[in-house]
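Reviewing the structure listed below.
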Ligand SMILES: [Zn+2]
Ligand SMILES: [Zn+2]
């Protein structure tokens, strides 16, 4: 039933669901990912964006080695490894260019699925907010090598490839979100604190909160400028203007639902009214307009 989704961006709940059935339906999983291609987009000096299926991957690649931000689904890890190999200057194609560091922006399966591969085959050290490790530990199906090794509260700075990567904790999508700001390259990887052109997923069951998400986006917007290139969790490469349009949509739709609730409307009545016409295009298969309105209605 999922095969026709293979060319679309893949989302967290599907990721968790798919991860949970790997053990019983490997053939299905292989089929789902067999057609996925990893494409590489050069963003700035030493910085790249990899797109396949799942959360967009940010890459720092240079003489200090390779760091990746998120690693999509486990079955895609060999393809991601191959794409990273092509970024290297080495002509020896048999040689693995190891990933030194992995940063997980949060614990969802479409962002952490490759952790075990890069830990076991590359010796990568995995970094994440404390709560990412806590939530991954709850998943008995995951191996020890999937877990972040270095965890932090507010953030951490990584100095490599002539840049300073500020890894910063922000709340809203889950309770363990991180973003990464490349100071020199002027690139921001937002994790799932940005779904470019799409209604966002706010994981209310795992510490997500609509107002916290909005506050985080507004805080991040003050830290970037018109030249900043933004790698969103999902959707195409973006600018500050795209991020502003996205948070304006969140604020407008949230304010509308809050006022409808204050008038005593039920969720059914809110769904009947729908979002303002200008925001209808944010609807997509995973977060439909109805699901977004329900999230707004239930977020405290
Ligand atoms: Zn997510
Ligand atoms: Zn995601």
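No lab work stands behind these numbers, since they all come straight from the coordinates. Small disclaimer: the values here were computed from a predicted structure and weren't measured. Note: ideal-geometry Cβ built from the backbone for every residue, glycine included; neighbour counts use all protein chains shown.
Here are some notes:
- Segment residue 262..residue 166, full-extension length gain: 30.6 nm, with 0.36 nm per residue of separation and the alpha-carbon distance subtracted.
- At R0 = 45 Å, FRET efficiency that the Cβ-Cβ distance of residue 290 and residue 183 yields, to 0.05: 0.65
- Between the Cα long axis of helix 210-221 and the first principal axis of the chain there is an angle of about 60°, rounded to the nearest 10.
- Candidates 200, 98, 78: whichever shows maximal mean-square fluctuation once the chain is modelled as a Gaussian network with Cα springs under 10 Å: 78
- Per-residue [θ]222 nm for the chain (sum of -39500 (n - 2.57) over DSSP H runs n ≥ 4, rounded to 500): -10000 deg cm²/dmol
- Folded to 0 to 90 degrees: helix 77-87 orientation relative to the chain principal axis, Cα: 70
- Global size of the stretch 81-206 as Cα Rg and Dmax, reported in angstrom: 15.3, 47
- Shape analysis of the chain yields a ratio of the Cα radius of gyration to the Kirkwood radius, Rg/Rh, of 0.97.
- Residue 150/residue 204 FRET efficiency (R0 35 Å; Cβ-Cβ; nearest 0.05): 0.80
- Of all DSSP bridge pairs formed entirely within the chain, close to 65 percent run antiparallel.
- Cα convex hull volume per residue for the stretch 190-256 (Å³): 78
- Once the Cα-Cα distance is subtracted from the 0.36 nm per residue extended length, the residue 140 to residue 252 segment shows a gain of 36.3 nm.
- Between 0 and 90°, nearest 10: helix 240-262 axis offset from the chain longest Cα axis: 40
- Remark: relative contact order (the stretch 144-183) = 30 percent; criterion is Cα-Cα distance under 8 angstrom and separation of 6 or more residues.
- Here the contact order of the chain, divided by its residue count and restricted to Cα pairs under 8 Å and six or more residues apart, works out to 13 percent.
- Full extension of the chain segment joining residue 215 with residue 277 gains 19.9 nm, where the gain is 0.36 nm per residue of separation less the Cα-Cα distance.
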